[in-house]
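Since the structure comes first, as structure tokens, the remarks are kept for the end.
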Amino acid sequence: MKGTYGSEWPSEEKIKRREMVAPEARYILICQYADSDIAKCFMKQDSGVECAHVTCRGGRLLGFVHYRFVVEEDVPVLYVYELQLESSVQGKGLGKFLMQLIELIACKSQMGAVMLTVQKSNTDAMAFYNNLGYVISSTSPSQVDPLIGIHRSYEILCKTFESEAKCKLEEGN
């Protein structure tokens, strides 16, 4: 993550570390397992053990999504704190699949939107989210006050699922 944040990384690292271990943090981990490990995972699931608690022990972590359920502008939203994929699996549809899964979780949980923060310098990520239908939120610094926003290194993006969320998070009403 250091490359994405540039000179801001020393202060951001402390914040990110706290965010990642907060009790309200939720994760989806993408792991690559040997065939025998996958069979063990399915056997655990069939025997009633909660599969969500299976770790990447014995497997290779390929990526993850860190998210939380929060309230923004009086609208319940699923906020994506991090989506990170190992470079070897980028560009193969896994990121799109994970975001579709996040959107499904948000809809099933009756959230009004999915929101996330993207570094302006990460042009690949900005294009990725734009292609998925995410727009700059009215809560993003560049929309709240363009003079302040020009000095911020990030944008807040959103994808809304209902009219109230659209009014508050996209249109700023």
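The values are calculated or read from the model by the stated rules, or taken from the named source; none is laboratory data. Since this is a predicted model, take the numbers as computed values, not measurements. Neighbour counts are summed over all protein chains in view; Cβ atoms, including those assigned to glycine, are modelled from backbone coordinates with ideal geometry. Note: accessible area is taken over every heavy atom of the protein model, side chains too, but ligands, DNA and RNA are not part of it. Shrake-Rupley method; radii C 1.70, N 1.55, O 1.52, S 1.80 Å.
Structure notes:
- Any hit, the range 23-40, residues being within 19 Å of LYS159 (Cα to Cα), hydrophobic (A, V, I, L, M, F, W, C), touching a Phe, Trp or Tyr at 6+ places or on another chain (Cβ under 8 Å) and modelled with pLDDT of 90 or more: no
- Look at the range 11-33: where a residue is within 14 Å of PHE69 (Cβ to Cβ) and a partner is acidic (Asp, Glu), sitting 6+ places away or on another chain with Cβ atoms under 8 Å, you get ALA25/GLU19.
- Candidate set from the range 145-165 (those that are touching a residue at least 60 places away in the same chain (Cβ under 8 Å) and part of a helix (DSSP H, G or I)); member that is surrounded by the most Cβ atoms within 10 Å (Cβ to Cβ): ALA165
- Screening ALA127 on (1) farther than 26 Å from GLN90 by Cβ; (2) open to solvent by 30 Å² or more (accessible area, probe 1.4 Å) shows it passes everything except condition (1).
- Within the range 105-124, considering residues that are crowded, with 18+ Cβ neighbours inside 10 Å and among the aliphatic types (A, V, I, L, M), the one nearest to PRO76 (Cα to Cα): MET111
- Filter result (at pLDDT 95 or above and open to solvent by 50 Å² or more (accessible area, probe 1.4 Å)) within the range 51-71: PHE69, VAL71
- When the range 103-124 is limited to residues that are part of a helix (DSSP H, G or I) and touching a residue at least 40 places away in the same chain (Cβ under 8 Å), the one that is nearest to SER87 (Cα to Cα) turns out to be GLU103.
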